[in-house]
1. What aspartates and glutamates could a cross-link reach from Lys250, if we take a straight Cα to Cα line under 16 Å and drop same-chain neighbours fewer than 8 places away?
2. Could you grab the relative contact order for segment 54-185? Cα pairs under 8 Å, six or more apart, rounded to a whole percent.
3. Using 0.36 nm per residue of separation minus the Cα-Cα distance, give me the extension gain between Ser113 and Asp662 in nm, one decimal.
4. Relative contact order for segment 156-303 using alpha-carbon pairs under 8 Å, separation at least 6, rounded to a whole percent?
5. Applying 1/(1 + (r/R0)^6) with R0 = 22 Å to the Cβ-Cβ distance of Gln82 and Asn400, what FRET efficiency is obtained, to the nearest 0.05?
6. With every protein chain kept in the model, how would you rank Trp565, Trp587, Trp99 by accessible area, 1.4 Å probe, largest at the top?
7. Ignoring any ligand, DNA or RNA, what whole percent of the accessible area of segment 542-586 comes from carbon and sulfur when the probe is 1.4 angstrom?
8. Once you keep just the Cα pairs under 8 angstrom separated by 6 or more residues, what percentage relative contact order results for segment 261-317?
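The values are calculated or read from the model by the stated rules, or taken from the named source; none is laboratory data. Since the model is a prediction, treat every value here as computed from it, not as a measurement. Cβ placement follows ideal geometry from the backbone for every residue including glycine, while neighbour counts extend to all protein chains displayed. Heads up: the accessible areas ignore ligands, DNA and RNA and are worked out on the full protein's heavy atoms, side chains in. Shrake-Rupley method; radii C 1.70, N 1.55, O 1.52, S 1.80 Å.
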Amino acid sequence: MKQILCILAIVLSILACTEEIDKSNRYTFTGETVADYMLNRSDRYSHFINLLERAQLLSLLNTYGQYTLFLPDNAAVEKYVQEQDSIYHATKDSDNPVWTGVISPFVEELSDSMANVIARMHLIENRNYHTADMGEGALGKWNFNDRALSVSYKVIDERFYIMLNNNSAIIDADNQVENGIVHIIDRPIDPKYRTISNQIAAHPYFNIFSQAIAATGFSEKVSVSTDLNYKPIKPDYYDVDYSPKHRYFKFTAFVEPDEVFHANGIYTLNDLKMFAEKWYGTEEKGNYNNPKNALYKFVAYHFVEGEIPYNRVVLSRSGVIDGEYFDNYYIPGFDLYNYYPTMQGTLLKALKPLSTTDGLNIYLNYSKRKIPYNFEMRNHTNVRIIELTEFTQMNERYANFVPNAGNGLIHPIDKILIYNEDEMVGNILNERMRFDVASLQPELSSNNLLQNSDYIYIPLGYCKGTKTHNKGGSGLSYMHNIAYYNLNCMILSAKTDNLDEHINFDTSILLPPVPPRTYEIRISVQGDPGNLDRNNAKYQLYFDNKVCGNPILIDPIGTDPEIGWVKDEDTYDHGVENDKAMRNRGWMKGPDSYYVFNLFGENPIARNTMLCMRKIIHRQYIGTGEHWLRFRYLPPSSYEGFRHESVYLDYIELVPLNIINDPTKPEDRH
């Protein structure tokens, strides 16, 4: 078992460097716990203590663990309850009643269910969040309601505050206790649950887009939140202990404020219909519920499945090892990017262009060309996602914007977002596209697993972008951080995570909806010298169930003769001829855009390690509709005892042939 040896090495190294392991937080406490902090100040926090008791959470905060509590005092709780009661009674007889869950102005008269929801909104487990950890975006761990908390900043009365969901300010930060951290906030975090379409409609400055959602009936597409039939299972696989607790469905919306539409001459829903028809045509004109209708296409291109906070729109290569955060394992100056299949059935590219002067921002469909491929697209490329802090300060109307919906997140944008095939084929997507396989599974971000779970079993059918062809197979696992060390204690993946196919695997991955044309298909391949029997096991790839190329060794080493990897510095031309020779054998070196994380030594560039490679699979025309890449395990002819065979699905590259065949502009090594 590859990971066990590495983890053992980590433990031994820690023990060797530590005279005495700190056990003060394990069984007994010499100072205050999170619960003690409140109980010792019960004159100020008795209301919240009562909420925690009714939620059966107070005793938990006296136990070993790591807890972050956002704590409102009595006055804040009383004011909140009175406000919510007033909202309910003021609207209950109107055409648009607002259900707040509070029907009395007295804290003592809150229902048990509401007390439970409010209490859970303020508590995070398994992470101590100091204010220094709270960057713009969202906290990595969900609260006890399985909701993300957004972080932004605000200046109030000339004082700087960290805001949670742009609603609750931290007024007394970083109160360290034995088993966690307590932050005092000026008002409770509102637990109100709205679907993402209702959350958009709740903000009057998104009125035009909200009308378009209503006209197309798209709200029904983004109203689901939970798979009620899903049940966690105990995996029949010795490396993994648990599967996801829930199967949530969440969504991310990129939305233009009305002012952006006004700047383009769009003031009414009819104006937007005419604008959409200009770009998407008049098929199914007037039939706004039809996916072929122009307005429907316009709305659908603004939604992606999965909950994607601002600080995860483009994934950096980061994580937590032994409690220490690491970041910047991409080479400085290289762009960070991700690709998202939209609910229109087309592709959206997100980019943080660190190689340009625009590198402080994140853009959708960013173009480095001064003049777009399609000149009429000049106002619809480089669409900037506006950070929450900036957006709330741009206009007084936006000051109280809350991006968090019960089943997703809203990101304001500064231009009208549209999909134009000519522009995407000729410019935005006319590049080597490297798709992170885990990021293509929206269920992972919808359930806060992406970049946030060390090693978890993914049951068959959990991710709709995967399917199995082998009833005896054991499915997939998602691995991140320490679980992904190989025997040499190195993290080889481009974004420190991957899907792991194991034991008798026969799994297909749904390819993203790229523009129709011919592509060279490549996959990442990672070696492990610790697998001494690697030559006995292989796997075969298929495109739409048609065989692609020859079987591939599991855990190959770049120096194997059939690959022929040679380190660049050991060649006379810095690897140019070696690259050609490897391509002739169907292989490529790893990218030079990120470092491999090595626990016990230097961090080499991926290109400079014989364990990071790319396998050229096939050249294939990819048309519209679904297309699948299948990975099928080929058992060795004979072996003794139990074998653990895994293939790590890190990324897939789809490369238009013009990128490869242009002799005047060779493909870069990034």
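1. Output for Lys250: Asp146, Glu220, Asp227, Glu305, Glu307, Glu443.
2. On the way: 215 pairs, mean separation 36.5, N = 132.
Here the relative contact order equals 28 percent.
3. Values: separation 549, 0.36 × 549 = 197.64 nm, distance 6.40 nm.
This chain segment gains 191.2 nm when fully extended.
4. Numbers: 173 pairs, mean separation 26.8, N = 148.
18 percent.
5. Numbers: r = 18 Å, r/R0 = 0.82.
Here the calculated transfer efficiency is 0.75.
6. On the way: Trp565 30, Trp587 10, Trp99 165 Å².
The residues order as Trp99, Trp565, Trp587, largest area first.
7. Details: 1230 of 2500 Å².
Here it works out to 49 percent.
8. Details: 38 pairs, mean separation 11.7, N = 57.
Relative contact order comes out at 21 percent.
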